[in-house]
Amino acid sequence: MEDRYGHRISYLRVSITDRCNERCTYCMPRELQEWLPREDVLTYEETLRLIRISAELGVSKVRITGGEPLTRRDVLSFFQQLPSIPGIDDIGISTNGTLLARPTSTRQSMAAELRAAGVNSVNISLDTLDREAYAATTGRDFLSQVLEGIDAAIAAKFPLIKLNCVLMRGRNDDQFIPLVEFAAEQNLMLRFIELMPVSHSDVLDEGNFLSAGEARRRLESHYGPLIPEPTFRTNGPSSYYKVPGRDQRLGFIGAMTNLHFCESCNKLRLTCDGKLRPCLGSYLEFDIMKVLRAGATDAELRQFFLDVVERKPEQHDFRENYQPGRMMVAIGG
Ligand SMILES: C[S@@+](CC[C@H](N)C(=O)[O-])C[C@H]1O[C@@H](n2cnc3c(N)ncnc32)[C@H](O)[C@@H]1O
Ligand code: SF4
């Protein structure tokens, strides 16, 4: 699948739930959340069918997200079916990490079961190592569970584990160096992500915004000039740098300030309520659940995917349109 601007779509990010056991300020409002009724969420069978169709059109990588994907019932049975889809050779999960260490029915950790199911890449959100700041940002006092989850992921030997830290002025900007040191000790890749305007929340005030460039400069005043690695890529829009004198790589995701951010975009998103979104930072979305439930054939669904890709914008409109719309928790970041 290729769009009008030459973006080749090989990556489908799939949200399997809008529910979450945390309440991050930048992702969902703190007031009581109304979850989607179950019948408005794609079943596993429907989701697997759509992933298969996308794979027939060239998608080779899927990342499962949410909400918190590990809160959905029978999630392991879903993961276990992914590797048998022809063409899918790279399976990832984005998680807040709180449930990775939890024992499953076989008394293994969730992380070990996911690895055994064929998941090869895990992104774990970690904005701070300070327990109080963690609770203030996520609405839950779960830092110790997340740290246990990270240990469980390391023990499960995933080929790639990334820590993702959202940059927030005044909330976690004292944590950048502790996080770099933690990632170095654990031998994990750390990425810093600019706050994006996708939720109704006071944290999205421009005063909280801290650019990837500023985060880099702050780190450089401690570590010395970071060494750019323009050729290193992990299938996403991160720019990578090495910490001088170390074999440690840091990523910076400048969705708001990097004007070339969208050039290499290879992504399409499927929301848990069955909408295909050609771009995270645009209001465009197309209801594939409706046609699927109306009895569409595989050929019709393939055409639907191609039509959505045809409408993929050249770039996101966050910069012109700093108007929070749908919550990240529903889109699947
Ligand atoms: C929506 S979460 C879903 C997966 C999982 N619950 C988690 O927290 O990793 C995926 C990623 O989106 C990020 N995210 C959520 N809201 C964001 C925002 N407004 N700006 C930037 N990143 C955001 C989170 O930090 C997380 O790394
Ligand atoms: S960022 Fe992840 S953990 Fe936080 S509220 Fe959103 S979905 Fe939940």
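None of the figures in this text is laboratory data; all of them are computed from the coordinates on show. Being a predicted model, the structure only gives us computed values, none of them experimental.
Which three extents, in whole angstrom, do the alpha-carbon atoms of the stretch 55-112 cover along their principal axes, largest first?
Cα extents, longest axis first: 36, 23, 17 Å.
What share of the DSSP beta bridges in the stretch 39-188 is antiparallel, in percent to the nearest 5? Don't skip to the answer; put the middle values down first.
On the way: 1 of 14 bridges.
Roughly 5 percent of the DSSP beta bridges within the stretch 39-188 come out antiparallel.
Amide H neighbours of LYS162 under 5 Å, at least 5 residues apart or on other chains, H built in the peptide plane: list them.
Residues meeting the criterion, in which the H sits 1.01 Å from N, are VAL122, ASN123, ILE124.
Give me the orientation-averaged projected area of the Cα convex hull of the stretch 143-228, in nm², one decimal. Write down the numbers at each step before the final one.
Numbers: hull surface 27.8 nm².
Quarter of the Cα hull surface area: 6.9 nm².
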